[in-house]
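Laboratory data are not the source of any read-out in this text; all were calculated from the coordinates shown. Note that the structure is predicted; figures quoted are calculated from it, not measured. Here the Cβ positions follow ideal geometry from the backbone for every residue, glycine too, while neighbour counts run over all protein chains shown.
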Amino acid sequence: MPEPMSEDGLTDVVVARLEATPDPRLREIVQSLVRHLHAFAKEVRLTDDEWLAGIQFLTATGQMCDETRQEFILLSDTLGFSSLIDLINHSDVEALATEPTILGPFYVPDSPERGFGESMVEYDDGGETAVFRGVVTDTEGNPLEGALLDVWQNAATGFYAVQQPGVQPATNLRGRYRTDANGRYEIRTVRPVPYPIPADGPVGRLLRETGRHEWRAAHIHVKASKPGYEPVTSHVFDRESRYLDSDTVFGVKDSLIEDFVPGPDGVLVCEHAIALARSDG
């Protein structure tokens, strides 16, 4: 008579069966996933009801996704997993390069190209007018002409354009800008405000059940790139914002916090330098 299967024995059987995976990287990933997933269940002594609740939670998360909302990205963000992936993949970039942070769930590709100093405000949201400007350099401080900045943010009402079709124009507070011969960029926008991530789905329920809030610190998103350099996906945070110490997606880094100060004409100005590391490729 065969011996009863043990907990550790089952894990070994599953891992061994995955040895047949032809792709070595996929084999490494799925075998490690099985080991850690089994170890988690054994550590917490997961019950039948808890296993089923987890299945239902993941099912509901998938059902909440559509062309404008990615609930799994929200889940990854609020568990700190997205920030961890950033650290794993970008922590070896030269220390003088701008720190990356998460992409977030509301990025939309192919924003309109806008001229130097042009406004990306297409909707009157009652926000404070602000100028967002700075210089893009390499890590030695040399200005980079023609660097591309893909910029997006939420309106003063707290919503991104993609969240309010039919209310905000689809390209409101989105734009792609190029640096000039001196590496400078300038964007006319509104001061960002804190906003809650969508909390009407399973991720919001998980936040409430774990005693957490759903608020993000006020920020502007920036993707900066130039051929020959490592691209960076980052944020710029308002120093006066609430939630800098408790941003619900763990996206705040000290080097990305800046001031919004009145300029000579009274309009708020935020200066932010961006440094790109040379690519090895």
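Observations on the structure shown:
- Residue count for the stretch 84-103 satisfying the condition of being over 22 Å from residue 273 (Cβ atoms) and either among the β-branched types (Val, Ile, Thr) or touching a residue at least 60 places away in the same chain (Cβ under 8 Å) (or both): 2.
- As a summary of the residue check, residue 213 satisfies the conditions (1) outside any loop (DSSP other than H, G, I, E, B); (2) touching a helix residue (DSSP H, G or I) at 6+ places or on another chain (Cβ under 9 Å); (3) without any contact (Cβ under 8 Å) to a residue 60 or more places away in the chain except for the one numbered (1).
- The combined condition, being farther than 30 Å from residue 232 by Cβ and free of Cβ contacts under 8 Å to residues at least 12 places away in the same chain, is fulfilled by residue 48.
- Residues in the stretch 182-207 that are under 18 Å from residue 271 (Cα atoms) and either of a type in the set (S, T, N, Q) or touching an Asp or Glu at 6+ places or on another chain (Cβ under 7 Å) (or both): 182, 183, 188, 189, 190, 191, 192.
- Out of 61, 137, one residue alone is buried (at least 18 other Cβ atoms within 10 Å of the Cβ) and over 21 Å from residue 235 (Cβ atoms). It is 61.
- Test: residue in the stretch 184-196 that is surrounded by fewer than 20 Cβ atoms within 10 Å (Cβ to Cβ), in contact with a strand residue (DSSP E or B) (Cβ under 9 Å, 6 or more places away or on another chain) and within 28 Å of residue 56 (Cα to Cα): yes
- Pairing each residue of the stretch 260-281 that is without any contact (Cβ under 8 Å) to a residue 60 or more places away in the chain with any residue that is in a strand (DSSP E or B), provided the two are 6+ apart or on different chains, yields C-beta distances under 7 Å for 261/268; 261/269; 262/268; 279/229.
- Test: residue in the stretch 94-108 that is of a type outside the set (A, V, I, L, M, F, W, C) and loosely packed, with under 11 Cβ neighbours inside 10 Å: no
- Residue identified as surrounded by 13 or more Cβ atoms within 10 Å (Cβ to Cβ) and closer than 30 Å to residue 199 by Cβ among 229, 243: 243
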